[in-house]
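Asker: What follows is a structure written as structure tokens; I'll ask about it next.
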Amino acid sequence: MLRKVGFCIFIISLGYGLFANDLLQQAKEAQKNGDDKKAVELFYKSAKVDNSAEAIYELGRFFYEGKIVKQNFDKAKTFFEQSAGLGFIEAKYALGIFYFNKKNPHHSHKKAYNIFLELAQKENHAPSQNRVGMYLAFGIGIDKDYKEAVKWFEKSANNGYVTGQCHLALMYASGKGVFPNLGRARVIAQQGYDEKNPICIQVWDTFKLENYEEDKGFKLFNK
């Protein structure tokens, strides 16, 4: 009898989990199809039923961007923090972007930098590694350190993040933190330029990288 009861509880729990997961998938499908109103409703249900970290994060995005719902930075912050507390890395990164935004009344470069640095170090998170490099290269709220910036851009680039590659190309093209090498900058910027990344396009056009021979001795990241 106990075995039967245990089995029934297992089946109910399994069904509950599948239902909650189905809500999240339905929400993502609605979002993909451009039905943001339905997506918001389903993300709310998924957050309530399953405490889904991803659904909570998506609700934060809606309030942050002011899509379908009225823009509300306080609610966005609450949702991002809740999702981040559940271990959702994208929510942690979103919190960094949240504090980075100067139009946000909660704006704080110090908080943003600390979040990006933690993700870059502990999670090997490529977009955050790029952000740390940006802070150091452009002196955003901290002293410039070109050599340290290059290290972080290299980490981001090695992890396949194209924008990190574009910033690294900028460092080689401008000779900031490294010896200037326009042929190497061309190699590094090529993928981003082909993919129409605006940063790579700007670097390519500013330094006329098409006029320089590729640095054949440079091994392009993990490729």
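Read the figures in this text as sums done on the coordinates, not as results from a lab. No experiment lies behind these values; they were computed from the predicted model shown. Backbone-built Cβ (ideal geometry, glycine too); neighbour counts: all protein chains shown.
Asker: In terms of Cα to Cα distance under 19 Å, which aspartates and glutamates are near enough to LYS45, apart from those fewer than 8 places away along the same chain?
Answerer: Of all the aspartates and glutamates, those that pass the test against LYS45 - Cα under 19 Å, at least 8 places apart if same chain - are ASP22, GLU29, ASP35, ASP36, GLU54, GLU58, GLU81.
Asker: Rounded to the nearest 20 Debye, what is the dipole magnitude of region 85-170 about its Cα centre when Lys and Arg each give +1 and Asp and Glu each give -1 at the C-beta?
Answerer: 220
Asker: Here's something else I'd like to know. Once the Cα atoms of helix 53-65 and of the chain are each reduced to a long axis, what angle between those two axes, in degrees from 0 to 90 to the nearest 10, is obtained?
Answerer: The answer is roughly 60 degrees.
Asker: Calculate for the chain the 222 nm mean residue ellipticity that helices alone would give, adding -39,500 (n - 2.57) per DSSP H run of length 4 or more and normalising by residue count, nearest 500 deg cm²/dmol. Working shown, then result.
Answerer: Values: 11 runs with 159 residues, N = 223.
That calculation yields -23000 deg cm²/dmol at 222 nm.
Asker: Name the most mobile residue of ASP74, ASP145, ASP205, meaning the one with the largest mean-square fluctuation, in a Gaussian network model of the chain with Cα contacts below 10 Å.
Answerer: Evaluated over the chain, the most mobile residue of the options is ASP205.
Asker: How would you rank THR78, THR206, THR163, going from fewest to most other Cβ atoms within 10 Å of each one's own Cβ?
Answerer: THR206, THR78, THR163
Asker: Which of the residue pairs LYS155/LYS219; LYS176/LYS216; LYS122/LYS219 have a Cα-Cα distance greater than 18 Å in the structure shown?
Answerer: LYS176/LYS216; LYS122/LYS219
Asker: Need the list of aspartates and glutamates near LYS196 for cross-linking: C-alpha distance under 18 angstrom, and skip anything on the same chain fewer than eight residues off.
Answerer: Once the sequence-local aspartates and glutamates are set aside, what remains near LYS196 is ASP205, GLU210.
Asker: Another one. In debye, nearest 20, what is the charge dipole magnitude of region 116-223 about its Cα centre with +1 on Lys and Arg Cβ and -1 on Asp and Glu Cβ, if you could check?
Answerer: 160
Asker: Now for a different question. List the lysines whose Cα lies under 28 Å from the Cα of LYS48, skipping any in the same chain that are fewer than 8 positions away.
Answerer: List returned: LYS28, LYS32, LYS37, LYS38, LYS67, LYS70, LYS75, LYS77, LYS92.
Asker: A further question follows. Between GLU154, GLU90, GLU29, find the one with the highest GNM mean-square fluctuation for the chain; connect C-alpha pairs within less than 10 Å.
Answerer: Among GLU154, GLU90, GLU29, the largest mean-square fluctuation in the Gaussian network model of the chain belongs to GLU29.
Asker: Could you state the angle between the C-alpha long axis of helix 162-174 and the longest principal axis of the C-alpha atoms of the chain, as a value from 0 to 90 degrees rounded to the nearest 10?
Answerer: 20
Asker: Roughly what angle does helix 73-85 make with the longest principal axis of the chain, taking Cα atoms, 0 to 90 degrees, to the nearest 10?
Answerer: Rounded to the nearest ten degrees, it is 80.
Asker: Moving to a separate point now. Quick check: from the Cα gyration tensor, does region 116-223 come out rounded (a/c under 1.5), prolate or oblate?
Answerer: Prolate shape, in that a/c is at least 1.5 and a/b is the bigger ratio.
Asker: Quick one: HIS109, HIS167, HIS125, fewest Cβ neighbours within 10 Å first, how do they rank? All intermediate terms of the calculation are to be shown ahead of the outcome.
Answerer: Numbers: HIS109 14, HIS167 29, HIS125 24.
Fewest-to-most Cβ neighbours within 10 Å comes out as HIS109, HIS125, HIS167.
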